[in-house]
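*Asks:* Below is the structure I would like to discuss, written out as structure tokens.
The values are calculated or read from the model by the stated rules, or taken from the named source; none is laboratory data. Keep in mind it's a predicted model, so treat the numbers as computed, not measured. Here the Cβ positions follow ideal geometry from the backbone for every residue, glycine too, while neighbour counts run over all protein chains shown.
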Amino acid sequence: MLNFARRLICIKNGHIGLLYTVIFFALFFFLQNSAEACPCGCGATGPQVLYPGEEWKFFGATTRMSNFETIRDDGTAGSESGPDYRDTLTLAVARAITPGLSSTLTVLSHQNMRDGEDTRRSLGDPSLSIRYTVAPQNMASPWAPQIQIFMTYKHPVARSIYETRVPYQMDVFGNGTAELVPGADAWFGMEEWRIGVAEQFSVGKERILDGNIKLSPGLSNRLSILGGYTWLGQGALLLAADHEVQAPSFVDGVKTNQRATNSLSLSGSYALAFRKTAGASVKRTAVGSNNRNTTASLSATISYLEAM
């Protein structure tokens, strides 16, 4: 644990100048040893995957987001707004409950930066997840799917866009509502080539925010399709495409517009040692057409994972 903490501190202190020069691959949603999920605007992280013989899993990642740009209702790009950069530190710990059931606790820390403005920092919205393997993979049938179901609860801690008190939304780090995120995924292939599909929903709880603003969030649905190549025992490359739709919400009784976001990510991992994995990723949000009422961004992540 001490070595794990030291690695994370080194990553956090040194990542700002390195992200755009060394990051091309990463751990991302359901990538070999971990799974990460984020409904629109929430920053919630889903459950880690514990494999047979693993009792604990520790995950740390640092992410820089940039190139923020608003996407209007008609799909056209608007002017940039908000911070120039957002840095996020993610820490997660998972524990096996039974051979097929595990739980994960995730906490986050954010900071927003913009030229001419004070840097703002905040804890992110923590989450608690459970994951159950319904059908494990079998070497005798390598293309039989591994099917898993999961449930994540995200608790609102960070300030939302409806509560901002400073220019450029520098104090915004969450979406302001508690969420339940049920979902399922299926993986095909135990050899070099693998494909996967996942679907999850985000059910937000109605809440009265600071200033007596009543927020009634709409249901979100995200579909992910993933495919990649694995060097068995060494690492993996993965390409993922996501399509997320959020139904209209109500803010003080006023109906908002539907939100739609397409994303692409390229990620990979490398086995440093037995049950120790490093990774990095790049992700582009609001890719292609049919994006609306969302925010385009570019993010880069480096990560470290250790199982026991």
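*Asks:* For region 198-240, name all the residues that are without any contact (Cβ under 8 Å) to a residue 60 or more places away in the chain, assigned to a strand (DSSP E or B) and of a type in the set (Lys, Arg).
*Replies:* Arg207, Lys214 - these are the residues of region 198-240 that are without any contact (Cβ under 8 Å) to a residue 60 or more places away in the chain, assigned to a strand (DSSP E or B) and of a type in the set (Lys, Arg).
*Asks:* Look at Gly189 and say whether it is surrounded by 14 or more Cβ atoms within 10 Å (Cβ to Cβ), over 17 Å from Leu123 (Cα atoms) and out of contact with any Pro (no Cβ under 6 Å at 6 or more places or on another chain).
*Replies:* So Gly189 passes the test.
*Asks:* Restricting to region 248-291, name every residue that is among the charged types (D, E, K, R), over 30 Å from Ile213 (Cα atoms) and surrounded by fewer than 14 Cβ atoms within 10 Å (Cβ to Cβ).
*Replies:* none
*Asks:* Ser103 - would you say it is within 21 Å of Ala300 (Cβ to Cβ) and of a type outside the set (Lys, Arg)?
*Replies:* no
*Asks:* Right, next: Just one of the numbered conditions (1) touching a strand residue (DSSP E or B) at 6+ places or on another chain (Cβ under 9 Å); (2) on the phi < 0 side of the Ramachandran plot is not true of Tyr168; which one?
*Replies:* Here Tyr168 meets the rest and fails (2).
*Asks:* Within region 71-92, does at least one residue satisfy the condition of being buried (at least 19 other Cβ atoms within 10 Å of the Cβ), touching a residue at least 12 places away in the same chain (Cβ under 8 Å), within 23 Å of Pro182 (Cα to Cα) and out of contact with any helix residue (DSSP H, G or I) (no Cβ under 8 Å at 6 or more places or on another chain)?
*Replies:* Looking for residues that are buried (at least 19 other Cβ atoms within 10 Å of the Cβ), touching a residue at least 12 places away in the same chain (Cβ under 8 Å), within 23 Å of Pro182 (Cα to Cα) and out of contact with any helix residue (DSSP H, G or I) (no Cβ under 8 Å at 6 or more places or on another chain), one finds at least one in region 71-92, hence yes.
*Asks:* Next up: Out of everything in region 199-226 that is more than 20 Å from Ser263 (Cβ to Cβ) and among the polar types (S, T, N, Q), what residue ends up being surrounded by the fewest Cβ atoms within 10 Å (Cβ to Cβ)?
*Replies:* Checked region 199-226; the qualifying residue surrounded by the fewest Cβ atoms within 10 Å (Cβ to Cβ) is Asn212.
*Asks:* Are any residues in region 129-156 in contact (Cβ under 8 Å) with a residue 40 or more places away in the chain, closer than 30 Å to Thr177 by Cβ and outside any strand (DSSP E or B), and if so, which ones?
*Replies:* Listed by number, the list holds a single entry, Pro156.
*Asks:* If you go through region 107-136, how many residues are among the acidic types (Asp, Glu) and surrounded by 22 or more Cβ atoms within 10 Å (Cβ to Cβ)?
*Replies:* 1
*Asks:* Sort through Arg284, Arg259 and tell me the only one that's in contact (Cβ under 8 Å) with a residue 60 or more places away in the chain and more than 21 Å from Val49 (Cβ to Cβ).
*Replies:* Arg259
*Asks:* Of the numbered conditions (1) modelled with pLDDT under 50; (2) assigned to a loop (DSSP other than H, G, I, E, B), Asp74 fails exactly one; give the number of that condition.
*Replies:* The failed condition is (1).
*Asks:* Out of the residues in region 77-121 that are over 20 Å from the mean Cα position of the chain (by Cα), at pLDDT 95 or above and among the hydrophobic types (A, V, I, L, M, F, W, C), which is farthest from Ile149 (Cα to Cα)?
*Replies:* Met113
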